[in-house]
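Participant: Handing you this structure, nothing more for now.
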Amino acid sequence: MLAALPPAVDTMRVRADRMAVPLAEFERRRKLGFGHFLDEAQITARAPNNVADVFRSTPGVVTMPGQFGRDRVLLRGTGMTGDCPPAVFLNGLLIPNEDGDLDAIVNARDVRAVEVYARTASVPLQFQTRNGCGSVVIWTGARSAPARQ
């Protein structure tokens, strides 16, 4: 008895930019003027070693020493007890993070853009939670290579 041969199919290569739509929405929200936004160029200029470095000097954000030598990212004075850890959204998905240690969930080299909503009233509907604090939205992906001179 002869075995049936599977049909041969030519190689197909598919390439997609999964960040096109989210970053377009990022730009749309930036133009609305609520929150603070850092794009790829601004993040690259900060040369972050850890995720807290991405957020340093961002209005409404405070970084504090945390466990394992990593800094915590908190929002300034928005919680009932002062500084509080924000709700964290990674590529649009809510990620449990109760202590503000963002290095536990993402590598600084992978951060492509961030949105910071330090006041609950300024948080867009899709990034709202009941945490009593604001929200931080982190978009990841390969950053563009710097231009050679």
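Participant: Can you tell me which residue among PHE89, PHE68 is of a type in the set (A, V, I, L, M, F, W, C) and either closer than 18 Å to THR120 by Cα or outside any helix (DSSP H, G or I) (or both)? Quick ask: steps written out before the conclusion?
Facilitator: On the way: PHE68 fails: either closer than 18 Å to THR120 by Cα or outside any helix (DSSP H, G or I) (or both).
Just one listed residue meets the conditions, PHE89.
Participant: Mind listing whichever residues of the range 102-127 are more than 16 Å from VAL61 (Cα to Cα) and β-branched (Val, Ile, Thr)?
Facilitator: Scanning the range 102-127 gives ILE105, VAL106, VAL111.
Participant: Out of all the residues in the range 97-129, which are in a helix (DSSP H, G or I) and in contact with a Phe, Trp or Tyr (Cβ under 6 Å, 6 or more places away or on another chain)?
Facilitator: As a first pass, look at the range 97-129 and keep what is in a helix (DSSP H, G or I): 102-104, 108-110, 120-122, 125-127.
Listed by number, the residues that qualify are SER122, PHE127.
Participant: Checking the conditions here, which among VAL73, VAL51, VAL62 is under 19 Å from GLY134 (Cβ atoms) and more than 14 Å from the chain's Cα centre (by Cα)? Before you say what the answer is, go through the steps one by one.
Facilitator: Working: VAL73 fails: more than 14 Å from the chain's Cα centre (by Cα); VAL51 fails: more than 14 Å from the chain's Cα centre (by Cα).
Just a single option satisfies the conditions, and that option is VAL62.
Participant: I want to confirm something. Restricting to the range 12-34 and keeping residues that are assigned to a loop (DSSP other than H, G, I, E, B) and under 16 Å from VAL123 (Cα atoms), which single residue is modelled with the lowest pLDDT?
Facilitator: To start, the set of residues in the range 12-34 that are assigned to a loop (DSSP other than H, G, I, E, B) comprises 12-19, 33-34.
Narrowing further to those that are under 16 Å from VAL123 (Cα atoms): 33-34.
Values: GLY33: 88, PHE34: 91.
This residue is GLY33.
Participant: I've got another one for you. Residues to consider are PHE127, PHE37; find the one that is aromatic (Phe, Trp, Tyr), surrounded by fewer than 20 Cβ atoms within 10 Å (Cβ to Cβ) and touching a residue at least 40 places away in the same chain (Cβ under 8 Å). Show your work before the answer.
Facilitator: On the way: PHE127 fails: surrounded by fewer than 20 Cβ atoms within 10 Å (Cβ to Cβ).
Of the residues listed, the single one that is aromatic (Phe, Trp, Tyr), surrounded by fewer than 20 Cβ atoms within 10 Å (Cβ to Cβ) and touching a residue at least 40 places away in the same chain (Cβ under 8 Å) is PHE37.
Participant: Among all residue pairs at least 6 apart or on different chains, which show Cβ distances below 7 Å where the first residue, located in the range 48-62, is within 17 Å of VAL137 (Cβ to Cβ) and the second is at pLDDT below 95 and acidic (Asp, Glu)?
Facilitator: VAL51/ASP103; ALA52/ASP71
Conditions tested, residue by residue: (1) surrounded by fewer than 14 Cβ atoms within 10 Å (Cβ to Cβ); (2) at pLDDT below 90; (3) assigned to a strand (DSSP E or B).
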site	(1), (2), (3)
VAL54	no, no, no
PRO59	yes, no, no
VAL62	no, no, yes
VAL73	no, no, yes
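The values are calculated or read from the model by the stated rules, or taken from the named source; none is laboratory data. Not measured: the values here are computed from a predicted model. Neighbour counts run over all protein chains shown; Cβ positions are idealised from the backbone, glycine included.
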